[in-house]
Amino acid sequence: MKIIQITDFHLFSKKQKKLNNVTTYDGFKKTIKYIKKNEKNIDAILVTGDVSEDGSIESYELAIDEIKNFKKNIYFIHGNHDDKKNINMIFYKEKFVKKIEELNHEYWDFIAINTVKEGYDFGFITEKELINIDNKLLISKKINKKVVLIMHHHPFLVGTPLIDDYILKNGEDLLKKFCEYKNIELIICGHAHGDYQLTYHDVNIEVAPATCFQFKKGTLDVTVETRSGYRIFDFKREYYTSKTIFIF
């Protein structure tokens, strides 16, 4: 199963609007065009949050108008900049937009985690959400399936102070899950605007680059690189492979 992950579009109601002096729609459009031209045999598109910068209905319409041309199922979560009501209203109008759990595969289960704390840029998982995760992990463990956790915020430091200030604040609660449920293989997330790969307790954490721009690795202030990117995942029976593509 081949999945393309795209994340952090940060679109506005108007195509020409800029964030950090970058026209975010241009990077998003360029990424979609590149994927269409260069990636074959795609099974699904995974969108991992911050589709919008201003939360407007128009920004979500701009996004879905481009993504739907893949004619593949779309799975998404919202990020800290998204308006949950608006993104759900626009995205779920389309029959090809599905919930993350519907992505489940013969050998792999995909579990969406809500890390958004309303009104804040950092991430936090509520106690109710942690109980929900436990229930889903237990089911996957009983049927001996590998698990992929999908969230917006990165759960552990990536080494770029600018974005690490807005990390998932209770990532240690996930660490406990790693120890209890040995079938967790991978965490997929966005948010950090860069290409990062980490490993904690034999669990891989993969952070995909943004479509709009990247934050320079290691930066303390807002220093951006005007390149776009996405990640490819290929899930096999016993393992998965991944690859990051940058577009300049």
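The values are calculated or read from the model by the stated rules, or taken from the named source; none is laboratory data. Given the structure is predicted, the values throughout are model-derived calculations rather than measurements. With ideal geometry, Cβ positions are generated from the backbone for all residues, glycine too; neighbour counts draw on all protein chains shown. In case anyone asks, the SASA skips ligands and DNA or RNA and just uses the protein heavy atoms, side chains included. Shrake-Rupley method; radii C 1.70, N 1.55, O 1.52, S 1.80 Å.
Tabulated data for the structure shown
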quantity: Meets criteria (touching a helix residue (DSSP H, G or I) at 6+ places or on another chain (Cβ under 7 Å) and open to solvent by 30 Å² or more (accessible area, probe 1.4 Å)) for LYS30; calculated: no
quantity: Members of the stretch 67-110 found to be over 21 Å from GLY27 (Cα atoms) and among the aromatic types (Phe, Trp, Tyr), listed by number; calculated: TYR92, PHE96, TYR107, TRP108, PHE110
quantity: Elements of type strands (runs of 3 or more DSSP E) in the stretch 160-215, at least 1 residues being farther than 20 Å from GLU118 by Cα, modelled with pLDDT under 90 and open to solvent by 20 Å² or more (accessible area, probe 1.4 Å); calculated: 196-200
quantity: Options LEU162, LEU174, LEU198; residue that is within 19 Å of GLY27 (Cβ to Cβ), of a type in the set (A, V, I, L, M, F, W, C) and over 15 Å from the mean Cα position of the chain (by Cα); calculated: LEU162
quantity: Residue, most open to solvent (accessible area, probe 1.4 Å), within the stretch 234-248, restricted to residues that are within 21 Å of LYS29 (Cα to Cα) and in contact (Cβ under 8 Å) with a residue 24 or more places away in the chain; calculated: PHE246
quantity: Search result, residues across the stretch 123-152 that are more than 23 Å from PHE235 (Cβ to Cβ) and either β-branched (Val, Ile, Thr) or open to solvent by less than 50 Å² (accessible area, probe 1.4 Å) (or both); calculated: GLY123, ILE125, THR126, GLU129, LEU130, ILE131, ASP134
quantity: Condition check for ASN80: open to solvent by 20 Å² or more (accessible area, probe 1.4 Å), more than 13 Å from THR211 (Cα to Cα) and free of Cβ contacts under 8 Å to residues at least 24 places away in the same chain; calculated: no
quantity: Those residues of the stretch 103-135 which are assigned to a strand (DSSP E or B) and either free of Cβ contacts under 8 Å to residues at least 24 places away in the same chain or farther than 14 Å from LEU168 by Cα (or both), in sequence order; calculated: TRP108, ASP109, PHE110, ILE111, ALA112
quantity: Subset tally (residues that are in contact with a Phe, Trp or Tyr (Cβ under 9 Å, 6 or more places away or on another chain), polar (S, T, N, Q), outside any loop (DSSP other than H, G, I, E, B) and under 19 Å from SER56 (Cα atoms)) for the stretch 1-34; calculated: 1
quantity: Tabulated pairs, the stretch 190-218, first more than 25 Å from ASP82 (Cα to Cα) and touching a residue at least 40 places away in the same chain (Cβ under 8 Å), second of a type in the set (A, V, I, L, M, F, W, C) and open to solvent by 10 Å² or more (accessible area, probe 1.4 Å), C-beta under 8 angstrom, 6+ apart or interchain; calculated: LEU198/PHE156; LEU198/VAL158; TYR200/PHE156; TYR200/LEU175
